[in-house]
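Visitor: The structure follows.
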Amino acid sequence: MPRSALMSPRSPQDPPPAPAAAAVWFNLVGGGAAWMLHLLLAYVIAEFGCLSGLGEVHLAGLTAVAWLLIGTSALALALASAATATSIRIGQHLQGPHSAKMKTADLEATAFSGRLGLISNIVFTVVILVQSVPIFFYLREC
Amino acid sequence: MPSPNQLKEFERTWSAPAGWTEMLAAVNSQRLGIRFMVTALAFFAVGGVLALLMRIQLTVSDNTFMGPQTYNELFTMHGSTMMYLFAVPFIEGLALYLLPFMIGSRDVAFPRLTAFSYWTYLSGGLVFYASFLTGSVPDAGWFSYTPLSGPAYSGTGLDFWVMGLALVEVAGLAAAVEIVVTILKMRAPGMSLQRMPVLAWTLLVSGVMMIFAFTVLLVGSALLELDRAAGTRFFDPTRGGNSLLWQHLFWFFGHPEVYIMFLPATGVISTIVATSAQRPLAAYALVVMAVMLTGFVSFGLWMHHMYVTGLPELGLSFFAAASLMIGVASGIQIFAWIATMWGTRPKLTTHFLYVLGFFFIFVLGGFTGVMIAVAPFDWQVHDTFFIVAHFHYVLIGGVVFPLFAGVHYWIPKLGGRMLSEKLGRWGFWLTFAGFNLTFFPMHIMGLLGLPRRVYRYPESLQIDSYNIAATIGAFAMAAGFVVIVINILRSRRKGPPASGNPWHASSLEWSISSPPPVYGFLQPPVVRSRDPLWETETPPGDSAAERASAALAAAPVRWRATLGTDAITGRVVAIHVLAGPALTPFFAAVGLTLAFLGVLLKSYLLTPLGLIFAAACFVRWMYPRPEFAALLRESDVPARAGVPANVTGTQSTVWWGMIGLLTIVATAFGALFYSYFYLRLFSEFWPQGGLPKPELATGLRVYAPLVLSAATVRWTTRSFTRGRRGQMIAAMAATVLLWTVYLGLIAGHLTTQPFTMRDNAYASAFHIISLALATCVLAALTVAIACGVRVLRAKSRDDFYVLLPLQLAGLFGVFVAAMGAVVFAVLYLSPHWL
C-alpha cells in the first residue's frame, strides 16, 4: 500500500490512520504564513533594496530588486500552493476507506480543519497574487 | 439527582464572600464581566462628553468656546478613552460574562487573572484621568506621534498617557490569555472546533491578535517613556534615533486593534442574525475562514496609516494591495449574513434594528475604506475630516452598533428582565439618525479641505452649515445613548421577567436561567451539534462525556471545578480546578500601579518597591495550599468522572497560560529586535557615534553560561521524571550557578561599556535589549529557586504540585536560554555582518 506523506509512521500492514498532525496544521496556517512571509520580505526588499542601490543593478532588463521580488512572490506562491495541495490531499484521505476507522469526533474535526484550510489557502493564494501585481509596475526602476 | 444539602454546599462554594471583601476579592467571571462592561460604559460616557465639547467648539467658524491647547487635550483624551478604555474592555467584559455560558463552562480558566485584569484596567483609566487634576493633560493625540510626544515637546501629560496606557495594555494581555485558553481548553464535552459558536471563534482570533498587537504597543510605549524619563534616544533623530520607528510600532498595534474590536462585533452580528432568522448561520466554514483571514491579514496593513510619510512607493503598494484584499473577508461575512436571512422574516426587535443599522453604516464606512486604501486618493484626504468620517463609520457602525445590539439581546439573560421595546426603538433611531447627521457631512467637509485636529476654521471655508448639522447630530446621538441607559436601568425594576430563552436562540447560554446562577451550569452540558438548543432529535452522545458530566452534577461541593476538553475534538480530558476568591489579584494590581506611578512621579524608589510588592502578591496567589491539595486527594469526583483532576503538560490550562506568557515575551523581544534593525538600516554607520563594534569574544564569554543553561534545565526536568534525585540536584545547582554567573557578567559588562544608554540610539538599543534579557533571567532564577525548594521536598515524582511548576519553570528556563542565543546574534554578530 503506498504510503502518503500525510500519514503518521505506521507499518505497511496497518491501515493508515488520521492525517498527520503536522499536515493538518500546515493545511491550517500554511497559506497565512506564506502571505505574511511575502508581505514582510517584499517590503524589506523594496525599501532597503532600493535604498542600498540594488535598484540601479540591471539583469536582463529588470532591476535586481524586481528579480528579488519576483523570486519572493514565486516562493510565497509555492508555499501557499503546497498548503492548498495538502488541504486537497487531506480531503481525499478522509474520503478513503480508512476514514471509517477514525473516531467520529476526530473525523469531523479533521474534515472541518481540512475544509477551513482549503478555503483559506485558496484565498491567501489570491491575496499573494494581488499583492504581486505592483511589482510589474516597477520592473525597470525603483 | 443532587440532594438539597449537596446543592446548598455547592452554591456556597461558588458564592462570593460577604461584605466589602466581595468587592475586592471576587473572581467570578459573571461579576467581573459586568464590572468591565459598566466601567467601560462609564468611560464611554465621559469620552462622549469630551466629543460634545469639541463639537460645540467646531459648530461655527472662528469660534472662541475653547483655546487650542484645551482642544488638543480633548481630542487626545476622547480618542484614547474610546480606543483604550471603552471598546476593547467592553468586549472583554462581554466575553468574560458570556463566553463560559456559551461554551458550556462554569467560569474562565484563570479567575484570579481576570480580577487582576480588571483592577489593572481600572487603575490605568484612573491614571489617564488623574492628569486633569494636575492640569497637565495629554495633548498629542491618541496615537502620540514622536517627536511631539518626546521629551523636547511635551510635558508630564504624556507621562500620564504612557503609564495609563501601559496599565491598560497589561490588563488587556491578561484578558487575552484568559480568553484564548478558556476557549481552547474549557469547552463543553462534544464541542469540537466546528461546533463552536461563531462569537467564540471571533473572540479566539481576537485574543490571539491581542497577544501580538498589545505587546508591541507595550514595548513601544516603554521605549517612549525611556526616551522621556531615562534619556534614551530611540526616537530622537539628533542622536541616531528615528521618529518613524514610533509610527511603525504604533500602527503595527493600531491597525489590528480595529479588527480586535471589529471581529467580536461581527460575532455578535452572526449570533443575532441567525437567531432572528431562526436558521443556522449560512456558510459557517467560510465565515470562520473569513474571521481567521482578517486576523492574519490585519497585521499586514499598518503602513496604510503612513502613506504620507515619504516611504518608497513600491513598498507602499504592497500594503495598498493587502488593504484592498481585507475587504474580501468582510464581504464574505456580509454575504453569509444576507444568505442566512434570505427568505426569512426576522422580527424587527431593537437588537435587530441595531444589526440593520450596522449593515448600513459599516458598509458605507467600508466603501470609504476602499477609497483611502488607494494611496494617491489618501494623499489628498489624509489628515482631513474625510478620515474622521471614515473611521467613525467603521468603528461606530462596525463596533458600537453591534455591541448595542448585543446589549439589547443579552440583557434579558444578564438581568432576568426584558428591556422596553418602545424605549429601545427611541434609543436606536436617535442614535442612528444622530450618527449619520454628525458624521456624513464630515466626508464633504474633509473634501472641502477641513483638516483634522484644528480647534477652529475660517469662515472662508464656508462649511458652517455642515458643522452646525454635525453638532445637532452629536447631541441627538447623546440623547439616544441616554435613552439606552434609562432603558437598562428602568428594566431592572420594571421590565417584565425574561423567560429562559426569549429569542428562541440556539446557543448554550440560553439553556440556563435568567439571570444565571453563580455557577452557571449545575451539570456541564454535553454538546452534540452546532446549535444545541435547536436539536429536534438527540444524536448519540459520547459515553465518556456523559459520565464526566454526570459526575459534576452539583459537584464538587467544596472546591470549584469545570470540565476540560481537547482543543480540537472537544473530548473530555480533565477536570480543571478553578481558583476561588482572593485579595492577591487586587493587591498585585495595586503594586503594579505603584510601580508605574513611581516612573510618573519620578519617585524611583516607589517603582522597585511596587514591583517587589506585586511579585510577592503573584507568588502568594500562585502558591498552592496544602489543605486544598488534601481536599482534592479526598474527593471522589475525578474517579466518578473517569478523568484526572490535576493534569500536567499540554492538558493543563496553566501550561497553556505559560505558553501565552512566553508568546508575549517573545513578541516583546521581536519588537525590540525590529527596532534595533530599523535603527541600524537607516544609519550610515553602525554602531553610531564612532563606537566600536562589540567584541565577539566578550559576547561569547557573557552569553555562553546562559545558552548552556538550556541543557542543564532539560537535564533537571528529565532527572526528576526519571527519579534520579542526585542528578536532579546537580542539574538544578548548575542551572542556578550558570544564571547567576550570567547576571554577574552582564552587570559588569554593561557598567564597564564606554557608552551609556543616553549616548545615541545604538547605545540605547544595546543597553535596553541586554537589560530586558537580564530581567527575564532574573525572573527565571527566582522561579527556579522557588520551584527547586518544592522539588527538593517532594516525596513523589507524581506530585502534581511539584511536577507542574517544574514543567513551567523548565519551559521558562529553556526560553530564556534560547533568547540568550538570539540576543547574542543580534547584538554581537549582526554588527559584523550587516
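Coordinate-derived values only; no laboratory data. Note that the coordinates shown come from a computational prediction; the quantities given were computed from them, not determined experimentally. In this analysis, Cβ positions are derived from the backbone assuming ideal geometry, glycine residues included, and neighbour counts consider all displayed protein chains.
Visitor: Would you be so kind as to identify which of B:365, B:101, B:478 lies farthest towards the positive end of the dipole of the protein assembly as shown, taking Lys and Arg as +1 and Asp and Glu as -1 on Cβ and the Cα centre as origin?
Guide: Result: B:101, furthest along the dipole toward the positive end.
Visitor: What do you get for trypsin sites (Lys or Arg not before Pro) in the range B:708-752 restricted to DSSP loop and a cutoff of at most 15 other Cβ within 10 Å of the site's Cβ?
Guide: For trypsin sites (Lys or Arg not before Pro) across the range B:708-752 that sit outside H, G, I, E and B with at most 15 neighbouring Cβ atoms in 10 Å, the list reads B:722, B:724.
Visitor: Placing unit charges on C-beta atoms (Lys and Arg positive, Asp and Glu negative, everything else neutral), compute the dipole magnitude of chain B about its Cα centre in debye, rounded to 20.
Guide: Dipole about the Cα centre, nearest 20: 2120 debye.
Visitor: Still on this structure, please answer the following. Search the structure for amide H atoms under 5 Å from the amide H of residue B:575, placed 1.01 Å from N in the peptide plane, and list their residues when 5 or more places away or on another chain.
Guide: B:564, B:645
Visitor: Mind pulling the per residue volume of the convex hull built on the Cα atoms of chain B? Å³ is fine.
Guide: Convex hull volume per residue, Cα atoms: 164 Å³.
Visitor: Taking the protein assembly as shown on its own, what percent of its Cα-Cα pair distances exceed 46 Å?
Guide: So the pairs more than 46 Å apart make up 29 percent of the total in the protein assembly as shown.
Visitor: Quick check for the protein assembly as shown: number of Lys pairs with alpha-carbon distance under 27 Å, counting only pairs 8 or more apart or on different chains?
Guide: 10
Visitor: Under the definition of partner shielding as Cβ atoms of other protein chains within 10 Å of a residue Cβ, what is the mean value for peptide B:318-325?
Guide: 6
Visitor: Based on other C-beta atoms within 10 Å, arrange B:185, B:602 from fewest to most.
Guide: B:602, B:185
Visitor: Further question: Just the ratio, please: alpha-carbon radius of gyration of the range B:160-298 over 2.2 N^0.38 Å, N its number of residues.
Guide: Normalised by 2.2 N^0.38 Å, the Cα Rg of the range B:160-298 equals 1.31.
Visitor: Separate question: Could you pull the Rg and Dmax for the range B:6-103, using just the Cα atoms, both in Å?
Guide: Rg, Dmax (Cα atoms, Å): 20.1, 72.
Visitor: Let me ask another. Fully extended, how many nm does the chain gain between residue B:335 and residue B:447 (0.36 nm per residue separation, minus their Cα-Cα distance)?
Guide: Stretched out fully, the residue B:335 to residue B:447 stretch lengthens by 37.2 nm.
Visitor: Kindly write out, for the range B:136-149 in residue order, the coupling ³J(HN,Hα) from the Karplus curve 6.51 cos²θ - 1.76 cosθ + 1.60 (θ = phi - 60°), rounded to whole Hz, with x marking Gly and Pro.
Guide: 10, 9, x, 9, 10, x, 6, 9, 6, 4, 7, x, 4, 8
Visitor: Work out, step by step, the length gained on full extension between residue B:714 and residue B:623: first 0.36 nm times the residue separation, then minus their alpha carbon distance; give nm to one decimal.
Guide: Gain on stretching residue B:714 to residue B:623: 30.4 nm.
Visitor: Would you mind estimating how fast the range B:479-534 diffuses translationally, via Stokes-Einstein at 25 °C and 0.890 mPa s with the Kirkwood radius over Cα pairs, in µm²/s?
Guide: Estimated via Stokes-Einstein, D reaches 181 µm²/s.
Visitor: Let me ask you something else. What FRET efficiency do you get for residue B:371 and residue B:795 if R0 is 56 Å and r is their Cβ-Cβ distance, rounded to the nearest 0.05?
Guide: Here the calculated transfer efficiency is 0.20.
Visitor: What stretch of chain B, leaving out the sites themselves, is the longest with no GluC sites (Glu not before Pro) in a DSSP loop having at most 13 other Cβ atoms within 10 Å?
Guide: Between the exposed loop sites, the longest stretch runs B:1-534.
Visitor: While we're on this one: Stokes-Einstein at 4 °C, 1.567 mPa s, Kirkwood radius from Cα pairs: D for the range B:746-827 in µm² s⁻¹?
Guide: D = 89 µm²/s.
Visitor: Related question: Going by Cα centres, the range B:383-456 and the range B:620-642 are how many Å apart?
Guide: Using only Cα atoms to place each centre, the spacing works out to 50 Å.
Visitor: What's the magnitude of the charge dipole for the range B:387-499 around its Cα centre, counting Lys and Arg as +1 and Asp and Glu as -1 at the beta-carbon? Answer in Debye, nearest 20.
Guide: 660
Visitor: Now for a different question. Arrange B:390, B:305, B:749 by Cβ neighbour counts within 10 Å, fewest through most, would you?
Guide: Sorted ascending by nearby Cβ count, the order is B:749, B:305, B:390.
Visitor: Specify whether the C-alpha gyration tensor of the range B:483-613 places it in the rounded, prolate or oblate class, a ≥ b ≥ c being the square roots of the eigenvalues: rounded for a/c under 1.5, otherwise prolate if a/b is larger than b/c and oblate if not.
Guide: Oblate is the answer for the range B:483-613, as a/c is 1.5 or above yet b/c matches or exceeds a/b.
Visitor: Output wanted: per-residue J couplings in Hz (rounded whole) for the range B:566-583, from phi through Karplus 6.51 cos²θ - 1.76 cosθ + 1.60, θ = phi - 60°, x for Gly and Pro.
Guide: The phi angles translate into 5, 4, 9, 8, x, 6, 5, 10, 6, 9, 8, 7, 10, 6, x, x, 7, 8 Hz.
Visitor: With +1 on the Cβ of every Lys and Arg and -1 on the Cβ of every Asp and Glu, and nothing else charged, how large is the dipole of the protein assembly as shown about its Cα centre, in debye rounded to the nearest 20?
Guide: 2600
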